[in-house]
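Peer 1: Submitted below is the structure of interest, expressed as structure tokens.
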Amino acid sequence: MADHPANGLDDVVHQRVRLGIMAIAHQARQVEFGFLRTTLQLTAGNLGQHLTVLEKAELIQIEKGYEGKRPRTWVTLTAAGQAALRDEIAHLKQLIQQVEQTETPPTADQ
């Protein structure tokens with residue numbers, strides 16, 4: 001029997017907030033810290049911790065700068081981050097497919 005798709009999920013990527021960060025960064029190519037914080041409904045500190053985990057895993061790149069006089073932090077997926085996101089999505093699709101193939105129809109009691 002083949003390895004179960006759940007075994008291929010990456011603990012760094014699969015965590016709800018980090019998966020959200022990576023998905024948004026993938027769609028936007030580059031995303032601003034404040035947008036991530038608002039969209040994912042996080043505190044700045046909580047978001048910062050998740051960004052640190054992703055940066056240490058070399059899945060994102062963080063760039064700090066200014067927009068006018070306001071400090072800004074931008075997040076971009078690295079090539080490794082793009083690959084990790086693709087792999088995670090592929091494993092999730094396999095898992096969903098397995099579940100859908102084994103669904104049992106409702107009985108008359110339900």
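Peer 1: Filter the range 49-77 for residues that are part of a strand (DSSP E or B) and acidic (Asp, Glu); which is modelled with the lowest pLDDT?
Peer 2: Glu67
Peer 1: Might you check whether a residue that is under 16 Å from Gln82 (Cα atoms), within 15 Å of the chain's Cα centre (by Cα) and surrounded by fewer than 13 Cβ atoms within 10 Å (Cβ to Cβ) occurs anywhere in the range 8-19?
Peer 2: yes
Peer 1: A further question on this structure: Listed residues Thr73, Thr102, Thr52, Thr39; which is over 15 Å from the mean Cα position of the chain (by Cα) and free of Cβ contacts under 8 Å to residues at least 24 places away in the same chain?
Peer 2: On the way: Thr73 fails: free of Cβ contacts under 8 Å to residues at least 24 places away in the same chain; Thr52 fails: over 15 Å from the mean Cα position of the chain (by Cα); Thr39 fails: over 15 Å from the mean Cα position of the chain (by Cα).
One residue alone meets the criteria, Thr102.
Peer 1: Sticking with this one: For the range 60-91, how many residues meet the condition of being in contact with an Asp or Glu (Cβ under 9 Å, 6 or more places away or on another chain) and of a type outside the set (Lys, Arg)?
Peer 2: Here is the first cut: in the range 60-91, the residues in contact with an Asp or Glu (Cβ under 9 Å, 6 or more places away or on another chain) are 61-62, 67, 72-76, 78, 80-81, 84, 87-88, 91.
Those still in the list that are of a type outside the set (Lys, Arg) too: 61-62, 67, 73-76, 78, 80-81, 84, 87-88, 91.
Count: 14.
Peer 1: Looking only at the range 61-103, how many residues end up being surrounded by 12 or more Cβ atoms within 10 Å (Cβ to Cβ) and acidic (Asp, Glu)?
Peer 2: Looking only at that region, the number is 2.
Peer 1: Moving on to the next point. (1) surrounded by 14 or more Cβ atoms within 10 Å (Cβ to Cβ); (2) farther than 22 Å from Gly20 by Cβ; (3) among the aromatic types (Phe, Trp, Tyr): which one isn't true of Phe33, the others all being true?
Peer 2: (2) is the only condition that Phe33 fails.
The values are calculated or read from the model by the stated rules, or taken from the named source; none is laboratory data. Note that the structure is a prediction, hence the values are computed from the model and not measured. Ideal geometry is used to build each Cβ from the backbone, glycine not excepted, and the neighbour counts take in all protein chains shown.
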